[in-house]
Amino acid sequence: MDDSAQTVQIIGSIKAVAADQWNALTAGMPLLSHAFLSALESSRSVGDGTGWTPCIIVIEQQDVLIGAVPLYIKTHSYGEYVFDWAWADAYQQNGINYYPKLLAAIPFSPITSARLLADQLGTKRLLIDALGSIMQTHGLSSAHVLFPDEPDASLLAEAGWMKRNGVQFRWENANYPSFESFLQTLSHNKRKKIHQERKKVAQAGVSCRLIKGADATQADWDFFYQCYCMTYQEHRSTPYLTRTFFDAIGHAMPQQILLIVAEIAGEKIASTLSFYDENTLYGRYWGATQFVSGLHFELCYYQAQQFCIAENIQYFEGGAQGEHKLARGFTPRPTCSYHRIAHPDFELAIQDFLAREAAGVAAYTSELEERVPFKSAS
């Protein structure tokens with residue numbers, strides 16, 4: 001097969017792609033799977049009226065999918081976790097439209113993974129060219145690739161895209177035989193604090209059930225969604241994901257789902273949802289119907305870490321933000337996004353801003369690294 005046989009197209013729905021061909025490009029990453037992205041569309045969590053319009057790039061060769069980018073036209077900046085509100089404000093103050101913009105990302109998911117879905121470098125470079133062409137052809141203000149992995153980040157840098165630095169927290173399972181053996185690697189003060197937190201939860205009468213997706217009942221999902229919505233209500237916000245979305249993923253990808261439910265005397269009081277593959281657990285959502293001291297840490301961190309140990313999963317991605325994760329054995333790791341700005345003057349201004357911001361992120365990361373809780377660093 002030669003390059004001339006390749007066709008580049010923009011499609012308006014993931015459903016126009018064969019699931020097996022799409023999944024062959026995603027290396028088993030659950031939040032990039034055809035099932036996950038399809039559930040977002042079918043549940044109307046993305047699509048008409050949401051500000052997330054799918055415009056997926058696909059490259060085919062002899063009717064076989066060889067490249068793709070999960071891509072959206074955005075009319076706002078919600079649900080991205082890379083904050084560009086100041087850029088939008090600057091555009092508005094100068095009488096220029098920042099929206100719509102082009103976004104390559106997993107909606108509502110600050111997860112580092114591939115964004116240029118292809119096996120061959122030439123195909124990946126063709127996908128980058130297509131991103132720039134779409135931005136120019138449709139008169140969009142900018143194009144953004146959020147949380148790409150290192151191979152894709154290197155190619156975007158090579159193509160002249162502007163890099164924005166960030167930091168998240170990840171826990172690594174060093175083949176621990178038990179949760180207590182992990183705790184033994186922490187400094188005395190941090191280990192003592194975790195023991196105290198877990199003791200308070202136990203004394204409150206809390207018990208936890210870990211439920212893999214295939215075993216989750218309708219009642220488990222109903223309760224989780226109640227908790228999910230309560231978290232947004234507490235922050236005076238509106239949930240991004242619909243109840244139908246969780247039904248869809250529960251049916252389509254149960255083997256990659258973990259629900260954890262906390263109970264007191266048989267009454268459910270809190271729940272979390274995570275996704276996982278053979279290598280990584282991705283913590284995503286949490287909520288509670290009543291307050292118990294330490295319950296958030298128990299469900300969102302300690303139970304999940306125990307699951308990773310039991311299932312021999314190496315990494316636990318705890319999501320965006322949260323310096324409190326350091327005290328629970330997480331360590332800082334760099335993240336990035338890449339940006340192309342159509343307006344030359346704004347491109348220069350944003351490039352200057354990113355250089356100054358990068359220095360601040362580097363200093364912040366160094367400070368975090370000095371605070372890791374392990375004995376060898378104390």
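How many Å² of accessible area per residue for the chain, probe 1.4 Å? All intermediate terms of the calculation are to be shown ahead of the outcome.
Numbers: 16840 Å² over 378 residues.
Accessible area per residue, the chain: 45 Å².
State, in angstrom, two size descriptors of region 295-359 derived from its alpha carbons: Rg to one decimal place and Dmax to the nearest whole number.
Every Cα atom of region 295-359 included, Rg and Dmax give 18.2, 53 Å.
Loop sites only, by DSSP: take the GluC sites (Glu not before Pro) in the chain that have at most 14 other C-beta atoms within 10 Å and name the longest stretch containing none of them. Walk me through the numbers before you get to the answer.
Working: sites that count: GLU278, GLU370.
For GluC sites (Glu not before Pro) (loop position, at most 14 other Cβ atoms within 10 Å), the longest site-free span of the chain is 1-277.
Just how large is the dipole of the chain about the Cα centre, in debye to the nearest 20, putting +1 at every Lys and Arg Cβ and -1 at every Asp and Glu Cβ? If you can, show how the numbers build up before the last one.
On the way: 30 positive and 39 negative charges, 271 e Å.
Value, rounded to 20: 1300 debye.
Work from the charge dipole of region 1-148 (Cβ charges, +1 for Lys and Arg, -1 for Asp and Glu, about the Cα centre) and give the residue of LEU140, GLY12, LEU116 farthest towards its positive end.
It is LEU140.
Roughly speaking, to the nearest percent, how much of the chain's 1.4 Å accessible area is carbon and sulfur?
Working: 8370 of 16840 Å².
With neighbouring chains kept in place, the figure for the chain is 50 percent.
Per the Kirkwood treatment, what hydrodynamic radius in Å, one decimal, follows for region 225-340 from the mean inverse distance over all distinct Cα pairs?
Numbers: mean 1/r = 0.0643 Å⁻¹.
Value: 15.6 Å, from the Cα pair sum.
In deg cm²/dmol, rounded to 500, what helix-only [θ] at 222 nm does the chain give when every DSSP H run of at least 4 residues adds -39500 (n - 2.57) and the total is split over its residues?
-11000 deg cm²/dmol
Out of every Cα pair in region 1-44, what percent are spaced more than 12 Å from each other? Write out the running numbers ahead of the final one.
On the way: 612 of 946 pairs.
The answer is 65 percent, as a whole percent.
As a test question: what accessible area, to the nearest 10 Å², does ILE264 have when a 1.4 Å probe is rolled over all protein chains in place?
Accessible surface of ILE264 is approximately 40 Å².
Can you pull a Stokes-Einstein diffusion coefficient for region 6-151 at 10 °C (1.306 mPa s), Rh from Kirkwood over Cα pairs, as a whole number of µm²/s? Don't skip to the end; give the middle numbers.
Numbers: Rh = 15.6 Å.
For these conditions, the coefficient is 102 µm²/s.
Report LEU295's accessible area, 1.4 Å probe, all protein chains in place, as a number in Å² to the nearest 10.
0
Which residue, GLY166, GLY122, GLY319, has the most motion in a Gaussian network model of the chain that connects Cα atoms within less than 10 Å?
GLY122
What Kirkwood Rh does the chain have if only Cα atoms enter the pairwise 1/r average? Answer in Å. Walk me through the numbers before you get to the answer.
Values: mean 1/r = 0.0452 Å⁻¹.
For the chain, the Kirkwood estimate is 22.1 Å.
Using the alpha carbons of region 282-332, what is the convex hull volume per residue in cubic angstrom, as a whole number? Before the final figure, lay out the partial values.
Numbers: hull volume 4.6 nm³, N = 51.
Each residue corresponds to 90 Å³ of Cα convex hull volume.
Points 7 angstrom from Cα along the Cβ direction at GLU347 and TRP85: gap in nanometres?
My value for the distance between the label points is 2.8 nm.
How many lysine pairs does the chain hold where the Cα atoms are under 14 Å apart and the two sit 8 or more places apart or on different chains?
Details: LYS74/LYS101; LYS190/LYS325; LYS190/LYS375; LYS192/LYS200; LYS192/LYS375; LYS193/LYS325.
Pairs that pass both the separation and distance tests number 6.
The values are calculated or read from the model by the stated rules, or taken from the named source; none is laboratory data. Everything numeric here is computed off the predicted structure, so don't read it as measured data. For neighbour counting, all protein chains shown are included, and Cβ atoms are generated from backbone atoms with ideal geometry for every residue, glycine included. Ligands, DNA and RNA are excluded from the accessible area calculation, which covers all protein heavy atoms including side chains. Shrake-Rupley method; radii C 1.70, N 1.55, O 1.52, S 1.80 Å.
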